[in-house]
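Below is one structure, written out as structure tokens; comments come after it.
The values are calculated or read from the model by the stated rules, or taken from the named source; none is laboratory data. Just so we're clear, the structure is a prediction, and the values are computed from it rather than from any experiment. Every residue, glycine as well, gets a Cβ built from its backbone with ideal geometry; the counts of neighbours run over all protein chains shown.
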């Protein structure tokens with residue numbers, strides 16, 4: 001699956017080199033193992049030895065410098081073939097080295113496709129000219145000539161001199177593909193690689209040796225480090241020592257073969273921008289060069305420490321551990337369960353297919369878990385965390401972060417200040433943190449926890465549970481049947497669509513049921529409750545609350561405290577509870593109960609025939625909005641403000657002529673009341 005450079009704040013995708021052609025590797029390997037010898041009129045041959053076996057070598061004729069280079073070169077072939085080389089001081093050896101003749105060459109004695117002995121010559125003048133440093137052409141020459149001694153030809157049908165492309169059989173013929181080539185990485189202009197001395201057998205050389213001697217299943221076996229602090233063999237240790245300073249005095253290139261153990265690339269001293277792909281069969285850019293690191297196709301490198309520049313890093317199918325180091329790095333985890341660390345700088349981390357752990361570190365980072373159940377840690381600064389598919393866990397860290405869960409049931413923690421959390425699809429859990437955060441549950445049945453700041457929490461679609469906790473917060477249920485709990489400060493709760501439960505909690509809260517048949521609890525504090533649409537239940541709780549039914553057939557209970565209850569459209573039931581309450585009827589046929597205390601019932605002209613169920617003359621009062629003239633049971637005389645009433649076994653029926661037209665503009669009933677006095681009206 002390609003990595004997804006999309007979503008909030010996505011960076012541009014880096015460019016990695018295409019995998020080296022397996023067809024070209026096979027073609028050149030066949031040329032090295034047999035094609036060259038056939039073209040020369042001979043036959044291919046090899047020593048009668050297998051991986052793990054031993055060949056004897058005679059180094060006695062070499063100078064100390066030549067002996068060191070020869071041993072280093074032999075070790076590079078041991079690393080890839082598994083064939084060990086044993087130096088002897090007496091008797092005939094299978095490979096003999098000397099430096100007497102001019103130039104560099106190798107020849108072999110053969111019998112029936114078996115090499116019986118080989119001779120390698122690299123002159124002292126050659127070494128004097130090209131130096132004894134392992135990062136140079138002298139070591140490359142030794143590796144090349146030992147390749148001949150073991151049975152390899154050239155990558156083309158040339159010998160002694162050649163030019164590209166005229167003498168090349170294959171377009172890919174270069175040092176990047178084979179140390180047996182005559183063409184450097186820049187002579188062959190198709191490679192895209194930088195010029196560099198080659199300090200190991202390359203891909204085609206390794207394939208050719210496998211053709212001759214069989215595969216080395218134990219190549220690099222064990223926990224092996226390549227680069228700084230290498231334990232991979234003489235040449236890699238020498239390269240690691242050169243890398244320790246951060247730059248290379250000479251350009252070098254090499255190929256890594258490793259078939260087992262948990263391995264590490266440590267290029268942490270590199271000051272240049274790296275492009276490293278851990279996938280087998282690819283080339284990478286390190287220490288300021290292009291294409292100078294090649295990984296053999298079957299090789300698996302698990303771990304990587306990148307350098308100090310702005311690097312592009314890609315893992316493989318294994319469980320990788322990748323450190324970006326300093327700089328603005330881009331890290332792609334690949335298919336395994338990876339651990340990615342951006343370290344310092346504004347980094348971009350992409351998890352890939354499996355269950356990954358990603359840590360942005362310092363700097364403004366962008367993390368995308370992609371598929372799998374991932375853990376993302378933002379670190380310091382302003383970060384963007386995208387969970388992607390799977391059940392992910394996101395931690396914003398310090399800074400004003402954007403955290404998006406994506407698909408799956410995610411857990412998202414703000415941690416820092418002023419962060420935006422989005423659950424995405426799935427049933428998510430969002431935790432706000434200590435500062436001013438915005439939490440969006442989006443699709444799914446989500447749980448939102450505001451934390452300590454002045455937060456905004458919105459459930460979105462689904463049946464959500466929203467907890468305000470500390471801070472004066474805004475809670476919005478959105479679509480679905482939601483539960484909203486205000487917390488310890490003065491909160492605003494909006495139920496949204498669906499049949500919601502809103503609970504103000506402590507302090508003086510404002511609650512809106514909005515659409516649906518909602519239940520609103522004011523709880524402690526002087527709360528304001530508005531039912532809005534639907535058949536709602538409003539309960540004020542403690543404190544002096546204001547309850548407004550809105551549309552629908554609603555039930556309002558002031559409960560404790562001196563409350564104000566107002567009916568809207570619909571047939572509502574109002575109950576003041578304890579305390580001196582004020583109850584107002586609205587459109588529709590309403591039932592008003594004052595409860596304990598000296599209550600005021602407000603009757604407005606727009607109301608239908610409302611009933612006051614517990615009016616107590618001398619304690620409760622009725623407010624008609626104007627002065628009242630009681631006329632007993634007499635007919636209206638055409639004087640504004642006249643009020644007449646009649647007593648029956650079921651209570652008192654009251655009619656009121658507000659405008660003096662002789663008609664009753666308002667009728668209401670005092671059930672179970674027997675006495676009504678002029679002093680009962682305000």
Residue count, segment 61-73 (criterion: closer than 16 Å to residue 104 by Cα and crowded, with 18+ Cβ neighbours inside 10 Å): 5
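Got at least one residue in segment 572-586 being out of contact with any helix residue (DSSP H, G or I) (no Cβ under 6 Å at 6 or more places or on another chain), within 28 Å of residue 539 (Cα to Cα) and modelled with pLDDT under 95? If you could, list the steps in order and put the result at the bottom.
The initial filter retains those residues of segment 572-586 that are out of contact with any helix residue (DSSP H, G or I) (no Cβ under 6 Å at 6 or more places or on another chain), namely 572-586.
Okay, now just the ones that are also within 28 Å of residue 539 (Cα to Cα), so 572-586.
Then keep just the ones that are modelled with pLDDT under 95; that gives 585-586.
Checked against the condition, which is being out of contact with any helix residue (DSSP H, G or I) (no Cβ under 6 Å at 6 or more places or on another chain), within 28 Å of residue 539 (Cα to Cα) and modelled with pLDDT under 95, segment 572-586 yields at least one hit.
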- line: Sole miss for residue 598 among (1) crowded, with 22+ Cβ neighbours inside 10 Å; (2) under 29 Å from residue 672 (Cβ atoms); (3) modelled with pLDDT of 95 or more is condition (1)
Criterion (farther than 25 Å from residue 262 by Cα, at pLDDT 95 or above and either surrounded by fewer than 23 Cβ atoms within 10 Å (Cβ to Cβ) or under 13 Å from the mean Cα position of the chain (by Cα) (or both)) met by exactly one of 364, 411: 411
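Do we find that residue 547 is farther than 14 Å from residue 574 by Cα and buried (at least 24 other Cβ atoms within 10 Å of the Cβ) in this structure?
On the way: farther than 14 Å from residue 574 by Cα: no; buried (at least 24 other Cβ atoms within 10 Å of the Cβ): yes.
So residue 547 does not fit the description; no.
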query: Among (1) under 18 Å from residue 211 (Cβ atoms); (2) at pLDDT 95 or above; (3) surrounded by fewer than 18 Cβ atoms within 10 Å (Cβ to Cβ); (4) touching a strand residue (DSSP E or B) at 6+ places or on another chain (Cβ under 9 Å), which single condition is residue 43 missing?
result: (2)
statement: For segment 194-215 the number of residues that are surrounded by fewer than 24 Cβ atoms within 10 Å (Cβ to Cβ) and out of contact with any helix residue (DSSP H, G or I) (no Cβ under 7 Å at 6 or more places or on another chain) is 5
Test result for residue 342, over 27 Å from residue 298 (Cα atoms), buried (at least 24 other Cβ atoms within 10 Å of the Cβ) and modelled with pLDDT of 95 or more: yes
query: What number of residues within segment 613-644 satisfy the criterion of being surrounded by 19 or more Cβ atoms within 10 Å (Cβ to Cβ), part of a strand (DSSP E or B) and free of Cβ contacts under 8 Å to residues at least 60 places away in the same chain?
result: 2
task: Taking the residues in segment 645-662 that are modelled with pLDDT under 95 and not in a strand (DSSP E or B) as candidates, determine which candidate is farthest from residue 606 (Cα to Cα).
output: 649
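crowded, with 23+ Cβ neighbours inside 10 Å, in a strand (DSSP E or B) and modelled with pLDDT under 95: is that true of residue 394 in this structure? Steps first, please.
Working: crowded, with 23+ Cβ neighbours inside 10 Å: yes; in a strand (DSSP E or B): yes; modelled with pLDDT under 95: no.
No.
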Hits in segment 243-265 - residues which are buried (at least 21 other Cβ atoms within 10 Å of the Cβ), farther than 14 Å from residue 290 by Cα and more than 31 Å from the chain's Cα centre (by Cα): 243, 257
query: Among the residues of segment 238-252, which ones are touching a strand residue (DSSP E or B) at 6+ places or on another chain (Cβ under 9 Å), more than 15 Å from residue 139 (Cα to Cα) and either without any contact (Cβ under 8 Å) to a residue 40 or more places away in the chain or not in a helix (DSSP H, G or I) (or both)?
result: 240
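For every residue, the table says whether it meets (1) modelled with pLDDT of 95 or more; (2) surrounded by fewer than 20 Cβ atoms within 10 Å (Cβ to Cβ); (3) more than 29 Å from residue 234 (Cα to Cα); (4) touching a helix residue (DSSP H, G or I) at 6+ places or on another chain (Cβ under 9 Å).
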site: 133; (1), (2), (3), (4): no, yes, no, yes
site: 140; (1), (2), (3), (4): yes, no, no, yes
site: 144; (1), (2), (3), (4): yes, no, no, yes
site: 151; (1), (2), (3), (4): yes, no, no, yes
site: 154; (1), (2), (3), (4): yes, no, no, yes
site: 163; (1), (2), (3), (4): yes, yes, yes, no
site: 173; (1), (2), (3), (4): yes, no, no, yes
task: Scan segment 46-66 residue by residue and report those that are in contact with a strand residue (DSSP E or B) (Cβ under 8 Å, 6 or more places away or on another chain) and in a helix (DSSP H, G or I).
output: 66
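Taking the condition of being touching a residue at least 12 places away in the same chain (Cβ under 8 Å), part of a helix (DSSP H, G or I) and in contact with a helix residue (DSSP H, G or I) (Cβ under 9 Å, 6 or more places away or on another chain), how many residues in segment 122-131 meet it?
Within segment 122-131, residues that are touching a residue at least 12 places away in the same chain (Cβ under 8 Å), part of a helix (DSSP H, G or I) and in contact with a helix residue (DSSP H, G or I) (Cβ under 9 Å, 6 or more places away or on another chain) number 3.
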field: Pair list, Cβ under 7 Å, 6 or more apart: segment 72-91 residue in contact (Cβ under 8 Å) with a residue 12 or more places away in the chain, other residue in a strand (DSSP E or B) and surrounded by fewer than 19 Cβ atoms within 10 Å (Cβ to Cβ)
entry: 78/84; 84/54; 86/54; 86/56; 88/56
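Which of the following residues is under 28 Å from residue 579 (Cβ atoms), assigned to a loop (DSSP other than H, G, I, E, B), in contact (Cβ under 8 Å) with a residue 24 or more places away in the chain and out of contact with any helix residue (DSSP H, G or I) (no Cβ under 8 Å at 6 or more places or on another chain): 481, 508? Give the steps one after another, and end with the answer.
Values: 481 fails: under 28 Å from residue 579 (Cβ atoms).
Step by step, each of 481, 508 is checked, and only 508 is under 28 Å from residue 579 (Cβ atoms), assigned to a loop (DSSP other than H, G, I, E, B), in contact (Cβ under 8 Å) with a residue 24 or more places away in the chain and out of contact with any helix residue (DSSP H, G or I) (no Cβ under 8 Å at 6 or more places or on another chain).
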field: Which listed residue is over 22 Å from residue 453 (Cβ atoms) and in contact with a strand residue (DSSP E or B) (Cβ under 8 Å, 6 or more places away or on another chain), from 432, 423, 390, 369
entry: 369
message: If I filter segment 85-99 for residues that are surrounded by fewer than 20 Cβ atoms within 10 Å (Cβ to Cβ), within 18 Å of residue 213 (Cβ to Cβ) and in contact with a helix residue (DSSP H, G or I) (Cβ under 7 Å, 6 or more places away or on another chain), do I get at least one hit?
response: no
task: Answer yes or no as to whether residue 4 is in a strand (DSSP E or B), at negative phi and either free of Cβ contacts under 8 Å to residues at least 60 places away in the same chain or in contact with a strand residue (DSSP E or B) (Cβ under 8 Å, 6 or more places away or on another chain) (or both).
output: no
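Filter segment 428-442 down to the residues that are in a loop (DSSP other than H, G, I, E, B) and buried (at least 19 other Cβ atoms within 10 Å of the Cβ) and list them by number. Give the steps one after another, and end with the answer.
Initially, segment 428-442 is screened for residues in a loop (DSSP other than H, G, I, E, B), giving 428, 432-437, 441-442.
Hits for segment 428-442 are 428, 432, 433, 436, 437, 441, 442.
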task: Would you confirm whether any residue within segment 31-44 is part of a helix (DSSP H, G or I), touching a helix residue (DSSP H, G or I) at 6+ places or on another chain (Cβ under 6 Å) and under 24 Å from residue 157 (Cβ atoms)?
output: yes
- request: Please tell me if residue 445 is modelled with pLDDT of 95 or more, part of a loop (DSSP other than H, G, I, E, B) and under 24 Å from residue 504 (Cβ atoms).
  value: yes
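Select, from 230, 217, the only residue that is in contact (Cβ under 8 Å) with a residue 40 or more places away in the chain and outside any strand (DSSP E or B).
Working: 230 fails: in contact (Cβ under 8 Å) with a residue 40 or more places away in the chain.
The match here is 217.
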